[in-house]
1. If you wrap a convex hull around the C-alpha atoms of segment 33-103 and split its volume per residue, what is the figure in Å³?
2. Please give, to one decimal in nm, the separation of the simple spin-label points placed at residue 88 and residue 124, each 7 Å out from Cα toward the Cβ.
3. Sort out for me the Cα centre separation of segment 120-144 from segment 23-96, rounded to whole Å.
4. Rank these for me by crowding, 8, 139, going from fewest to most other beta carbons within 10 Å.
5. With a 10 Å Cβ neighbour count serving as the proxy for reagent exposure, in which order, fewest first, do 39, 96 appear?
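Read-outs throughout are calculated quantities, based only on the coordinates presented, and are distinct from any laboratory measurement. Not measured: the values here are computed from a predicted model. Ideal geometry is used to build each Cβ from the backbone, glycine not excepted, and the neighbour counts take in all protein chains shown.
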């Protein structure tokens, strides 16, 4: 079987940063209420779980909102790869994870806690700070902030002795 010269050709992909102004919002994000004000309407319309990241500049100004996963009525598969792809390509200093619970309940599930723990570990490794994980309760407008409730710090991985 003879091979054609093009069978072994490797595609070259170029990624370039383009200087553009922040297009998502000019409002700086400082509190969970700021997040709610900026993106709640975006997630309130979905009838299934949607997991997104709000990428931020060093000054807290949103760069973009990236929807990483659209799931089912009560679950969403979240891959750290999809989360951090947008963070890195956006050149963000930090991000806030946000997802909705169409049921209206804002109590974090075991899976919500597990994914937060994984994202915190990855954020430490990659140097893109995870500021919060916010659950928005369907159309109710209720919100649960892992940071405000102290859960984010509880889930944060302990640093090794030599890193302290």
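1. Each residue corresponds to 72 Å³ of Cα convex hull volume.
2. So the label points at residue 88 and residue 124 sit 2.0 nm apart.
3. So the separation of the two Cα centres works out to 8 Å.
4. 8, 139
5. 39, 96
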